[in-house]
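The values are calculated or read from the model by the stated rules, or taken from the named source; none is laboratory data. All figures in this text were calculated on a predicted structure; none of them were measured in a lab. Ideal geometry is used to build each Cβ from the backbone, glycine not excepted, and the neighbour counts take in all protein chains shown.
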Amino acid sequence: MRKQFSPDMAAAALDQVSLRRRAHRKFAERSEKMWFTHDGMEQASRPAVAAWRARRFTDQRVRRVVDLCCGIGADAMEMCARGLEVVCAELDPVTAAFAARNLALVASRVELLNGGQQQVIEGAGGAGAAMARVVAGDATGLVDELAADSQTLVFIDPARRDGRGRSWNIKDLCPSWDFVTGLLARPNPVCVKLGPGLPREIIPDGVEACWVSDAGDVVEVGLWRGVSATHTPGTAAGRFHSTAHLLPADIDVTGFDDDRPVSAPGSFLLEPDGAVIRARALAAVHPDARPLAPSVAYLTVDEPVTTPLAVCYEICEVLDAGEKQLRAWVRDNRIGILEIKKRAVDIDPAQLRRRLRPKGPNHATLVLTRTVDGLRALVVRRIG
Ligand SMILES: C[S@@+](CC[C@H](N)C(=O)[O-])C[C@H]1O[C@@H](n2cnc3c(N)ncnc32)[C@H](O)[C@@H]1O
């Protein structure tokens with residue numbers, strides 16, 4: 001390659017091949033035709049999550065979307081594939097050019113505006129597919145023009161990185177948190193995608209905050225305004241409407257105050273999905289489930305439960321959580337592989353595991369949790 005192309009071209013091509021290979025886990029076969037930057041690939045929404053979001057837009061009869069921070073276009077591609085007209089902005093001109101190429105895989109035609117130059121790319125989506133436009137530029141200066149029509153949905157997935165990689169600090173958002181919250185005050189329908197660790201206290205009043213999990217990983221919280229939820233509103237309490245969406249089950253749940261009494265551990269333990277916990281929707285998990293202690297997100301039931309909202313474990317033993325007793329239990333049961341789960345307890349599971357000196361042919365799962373009787377270690381076995 002170095003003989004045929006300039007060293008820069010050869011290096012860029014090799015880079016692209018290695019990025020495509022790494023992107024296969026996220027984008028499967030589609031990755032072989034997509035264009036990636038390193039950051040663009042890492043920050044891209046998972047296709048299943050982007051597809052769910054696009055579906056929610058079309059379910060609410062949205063026709064046109066402005067994606068203000070499109071990255072390499074993973075979200076925009078799913079919107080386009082569902083027939084939405086998409087207009088994208090992206091600060092980095094190389095990423096913008098790649099987004100245009102990626103959109104051309106699903107659109108009928110893509111227009112790329114880059115530094116005053118216009119390029120038209122014929123899309124592989126066919127004549128019936130939607131059209132897309134990508135503008136290389138700063139969203140903060142473009143939003144008024146691009147979203148002038150108040151029917152246009154404004155979507156933003158701001159960059160969340162500092163110099164060392166992904167950041168959870170709201171101060172590292174780009175564009176800024178002030179810009180993002182300013183969008184929620186526009187007359188347009190709005191959807192803001194943020195990291196799932198967003199502190200609840202800064203969530204603006206009146207929005208729907210929807211935590212999303214995919215295959216058990218909590219991947220984002222979306223702040224929605226003007227695009228009513230597809231699920232029943234329920235009896236949500238608080239300043240904002242708190243919901244969760246679980247993929248691949250495609251289930252919506254609403255958070256509301258749970259005043260069920262706490263209970264000592266019964267025969268089974270339910271570990272709710274992380275999005276359900278963050279949305280405070282524990283009461284939706286099962287009508288018979290009771291929390292083990294106030295503000296502890298482990299529930300107990302007397303019969304095994306099969307639900308996409310939680311993982312069910314059989315409670316085999318309830319142990320005193322003192323380290324001496326636990327070490328003796330690990331030794332007596334010849335436990336060599338020990339999984340330690342914990343919630344609302346200030347313990348480092350990795351350090352505790354080392355101190356318990358697991359050795360032997362057996363394996364076990366311990367759940368350290370507060371209960372009505374104090375701190376306990378539950379020996380559990382996953383069922384189903
Ligand atoms: C989290 S990524 C978007 C990923 C995208 N949703 C996807 O699924 O591929 C955020 C993008 O916003 C871009 N960005 C940051 N500040 C911007 C600004 N002021 N205007 C436009 N784009 C911006 C970054 O360059 C980055 O590519």
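Brief remarks follow.
- Residues being outside any strand (DSSP E or B) and within 8 Å of the ligand (Cβ to nearest atom) - total across the stretch 142-160: 3
- Residues being within 16 Å of the ligand (Cβ to nearest atom) and either outside any strand (DSSP E or B) or hydroxyl-bearing (Ser, Thr, Tyr) (or both) - total across the stretch 84-139: 22
- Remark: pairs (first residue in the stretch 1-20, over 11 Å from Trp35 (Cα atoms); second residue surrounded by 12 or more Cβ atoms within 10 Å (Cβ to Cβ) and among the hydrophobic types (A, V, I, L, M, F, W, C); Cβ separation under 6 Å; 6+ apart in sequence or on different chains) = Met1/Ala10; Arg2/Ala10.
- In the stretch 40-83, residue farthest from Val190 (Cα to Cα) [restricted to those that are within 11 Å of the ligand (Cβ to nearest atom) and among the basic types (Lys, Arg)]: Arg46
- Identity of the residue in the stretch 40-67, touching a helix residue (DSSP H, G or I) at 6+ places or on another chain (Cβ under 8 Å) and touching a residue at least 60 places away in the same chain (Cβ under 8 Å), that ends up farthest from Ala147 (Cα to Cα): Arg46
- From the list Pro294, Pro287, the one residue that fits, being within 26 Å of Ala249 (Cβ to Cβ), free of Cβ contacts under 8 Å to residues at least 60 places away in the same chain and surrounded by fewer than 16 Cβ atoms within 10 Å (Cβ to Cβ), is Pro287.
Yes/no per residue for (1) more than 19 Å from Ala54 (Cα to Cα); (2) of a type in the set (Asp, Glu); (3) modelled with pLDDT of 95 or more:
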residue	(1), (2), (3)
Gly182	yes, no, yes
Arg200	yes, no, no
Ser213	no, no, yes
Asp217	yes, yes, yes
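- Residue check for Leu91: surrounded by fewer than 21 Cβ atoms within 10 Å (Cβ to Cβ) and touching a strand residue (DSSP E or B) at 6+ places or on another chain (Cβ under 6 Å): no
- Residue within the stretch 349-356 that is farther than 25 Å from Val253 by Cα, exposed (fewer than 12 other Cβ atoms within 10 Å of the Cβ) and under 29 Å from the mean Cα position of the chain (by Cα) present: yes
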